[in-house]
Amino acid sequence: MNRSFNDTKRSSYRAAAQSLLLLLMLFGVTGRASAQRIESDLEKLMVKYEIKVLDVYQEIQALEATPQAIVEREAFHRVLSGYTDRVLEMYSTLERIKEFTLQNYRNIVARSLIFRALAYVESGANLEQACKDYRRALILSRDSKIPVINQTLPYEVWADGKVYTRLADLIDDKDENLVLLRCMRSSEKTRQVP
Amino acid sequence: MPRKWIITGLAGIALFAVSGLRAQSVGELFSQVKTAYEEQDHQQTVDLCTQIIRQCEQSYAEAECRYTNVMKTVYLYKGLSEFKLYGESEELDLLTEAINSLQKSYELYGDPNVAFNFGYMQTLRAIKLQEGAYLDGLVAAWDGILGMYADNEWQLDDELRNNLKIFIKQAVELTITPADSAYTTGRFTSFMVRLACDLAEQSSLSPDDKLFFDVYRKRATEDNFNLRGNEWRARGFAAEEQFIERPDDYTYRETRTNIELALRYAKSIERQVEMLKELTKVALFMEKNGDDRQAETELLYAREKAAQAYRLLVERRPNVTIKLENEIKKVYGNSIFRLVDYYFSLADSTDRLNAYYKARRVGEELLIPDRSGGWKQKFVWEGYEELYLRLADVGYETGDEEFAVDMIDKAWKAALKMNRVSQSRICSGIGQDKAANLIVFVDVYQQIARRFGLQTVLHWLRPIRKCLVAESSASSFDTTRK
């Protein structure tokens, strides 16, 4: 009688432990699934916002060179900057979620940063920020097989009636004074000094 | 010694008074602010918040002054209450204060809702001050919208959709501020409207909302992203509808101003000719139906605008539809005809000959030489036979035989063409309406022929008239019998 009571007790413990394990496993799977969902959501949004960065950049290209367009250019820069910051924020979040971030994410951020840098360079305003963005973009894409500026873009960029499929060509045409190139040189020098 | 006592006593009284009048603590004031705000006592809220801010500016500020949650709420309540007060008094200083307070609140705590609100207020102030180039408000409001969208897990709810609508309306209003001068190219506002529509269309929209966003997307895109021109065009058409219902001077001026602004900011030739045509239509309608019309002024205006539209049509060859082209020709022809008719009618009351010559000069604007040494109209338009007929009348009255005969002959042929009747088939049942229409032309033709002694023409016209009269009366007889 006593033995059977012990057996029953043991089996009920086992059942409880099993259900606890099952619950933990279920939580684990659900947690992982929700993390994956967040990741994929963020990735989709990053892509979407990168396209918005491109849209704003192209819209700036379409602005006429008139005195009325000066304030509009500044406003466009701020909108472009806002979208770039959001892409950066999403990337930082992804970096926190994952142990390592995919090169694809880094390329998205790098491209967004380069567009912002180019917009600043073209208007001759905020060159310091342009340099920072450009440097950061190159650092982010350091590990990719082809540097981000030489990669074929996943979309076409229209500027001054021309179609660009690589950022390098766009930079060549738009950064006539080689501001971005000089940024890199000056940063190398500063790095060498100490 | 007593003096010392007196001084000590006075100091004591002063201290007592100061402690009595001592300001309440920030904590106490804050709870009063919350109550006042909930009770919608806006002035009280502003006063209490100002008192808190002043107390917090002192060197030994209380602990609450360092709490972000307290201070961001103080600035937020102050700003929102100032905005309510602005709504009551329309004093722009209050609006500026409200913007500053909300910006301060946003600096302390980056609530996207606050960013949207102060952005909205900044744009509102720009509109009130007629500063169409002030775009900071739109940028801040958009930043707020994106923040709210993210806060909402990138889903659109009703509040966000409403904010998008407010944003679009403000962007449109700002782009047409001030009405008569463009401070910007309008490209930025057009882009922002498209961005807002993109965002709104990511959710399922009610039919009304869908219509709203569709309309504004179209307005921001058409005519090379000409939001400014498109908005004036839409306002022009809306005013025109009202004008047609109630043709008074006010609605006429409003309609004309809106369409003239649409014309001024039109980017394409297509849009320009469309607006010129609309201006002609409106002026002609005013001349015909207006309560307070100045016939000659309106007709001269209509003629000028129609002539401009036609000139653009011929010289610049815009890519317009056949329908629009025909409408332009029709309003041009109509405005010339009506002006000719107007001067012709003046012959009764003023210098007769001068009125006829004026009418003829106006009519000649549409005439070009034809191959047989006469004159023909530059283009065929709906009703062109009437202009020939009126010019024939002018020729008759001024005694210009060649002109009168040429015009009445053209009028007769045009009338046959417009009625789709062949001259050889006049006597074989053309119908009462057509017969009645044609009799008028034959009558004038006969009159002219009689005046200038053209016997053979009379001989030719007599059987034609007879047939037309018979046709007209026979049809009416048939109709009566049925």
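When a footprinting reagent is the concern and you count Cβ atoms within 10 Å, what order do A:Glu50, B:Glu365 take, fewest first?
Values: A:Glu50 22, B:Glu365 14.
So the ranking, lowest neighbour count to highest, is B:Glu365, A:Glu50.
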| task | Compute the length gained on full extension between B:Asp180 and B:Tyr60: take 0.36 nm times their separation in residues and subtract their Cα-Cα distance, giving the result in nm to one decimal. | result | 37.8 nm
| With labels modelled as points extended 7 Å from the Cα through the Cβ direction, what inter-label distance (nm, one decimal) is found for B:Glu401 paired with B:Glu107? | 9.4
| request: Let me have the 222 nm mean residue ellipticity of chain B computed from DSSP H runs of 4+ only, each contributing -39500 (n - 2.57), with the sum over all residues rounded to the nearest 500. | output: -26000 deg cm²/dmol
| task | Quote the relative contact order of the range B:86-126 in percent (integer), defining contacts as alpha-carbon pairs under 8 Å separated by 6+ residues. | result | 40
| request: Any cysteines in the protein assembly as shown with zero other Cys Cβ atoms under 4.7 Å from their Cβ? List them, or say none. | output: B:Cys49, B:Cys197
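Here are some pairs, B:Lys277/B:Lys329; A:Lys48/B:Lys218; B:Lys281/B:Lys413; A:Lys52/B:Lys165; A:Lys52/B:Lys169; B:Lys378/B:Lys417; which of them have Cα atoms lying more than 18 Å apart in this structure? Before the final figure, lay out each step's value.
Numbers: B:Lys277/B:Lys329 9 Å; A:Lys48/B:Lys218 22 Å; B:Lys281/B:Lys413 27 Å; A:Lys52/B:Lys165 20 Å; A:Lys52/B:Lys169 22 Å; B:Lys378/B:Lys417 16 Å.
Flagged as over cut-off: A:Lys48/B:Lys218; B:Lys281/B:Lys413; A:Lys52/B:Lys165; A:Lys52/B:Lys169.
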| Exactly which trypsin sites (Lys or Arg not before Pro) in the range B:306-361 are in a DSSP loop and have at most 15 other Cβ atoms within 10 Å? | B:Arg316
| To the nearest 0.05, how large is the calculated FRET efficiency for B:Arg462 and B:Gln432 if R₀ is 25 Å and r is the Cβ-Cβ distance? | 0.75
| task | Going by C-beta contacts inside 10 Å, put A:Asp169, B:Asp157 in order with the fewest on the left. | result | B:Asp157, A:Asp169
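Count of lysine pairs in the range B:19-108 with Cα atoms under 15 Å apart, counting only pairs 8 or more residues apart in sequence or on different chains?
On the way: B:Lys34/B:Lys72; B:Lys34/B:Lys78; B:Lys72/B:Lys104; B:Lys78/B:Lys104.
Here the count comes out as 4.
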| field | Length-normalised contact order for the range B:111-225 - Cα pairs under 8 Å, 6+ apart - percent | value | 24
| query | Based on the Cβ-Cβ distance of B:Lys165 and A:Thr101, what FRET efficiency does E = 1/(1 + (r/R0)^6) give at R0 = 41 Å, to the nearest 0.05? | reply | 0.60
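Kindly put A:Ser40, B:Ser25, B:Ser190 in sequence by how many other C-beta atoms sit within 10 Å of each C-beta, fewest to most.
Working: A:Ser40 10, B:Ser25 14, B:Ser190 25.
Starting with the residue having the fewest Cβ neighbours, the order is A:Ser40, B:Ser25, B:Ser190.
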| request: Multiply the residue separation of B:Gln155 and B:Leu205 by 0.36 nm, subtract the distance between their alpha-carbon atoms, and state the gained length in nm to one decimal. | output: 16.7 nm
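Only the coordinates and a few stated rules stand behind these numbers; no lab work does. Computed from a predicted structure; not experimentally measured. No Cβ is skipped: glycine too gets one built from the backbone with ideal geometry, and neighbour counts run over all protein chains shown.
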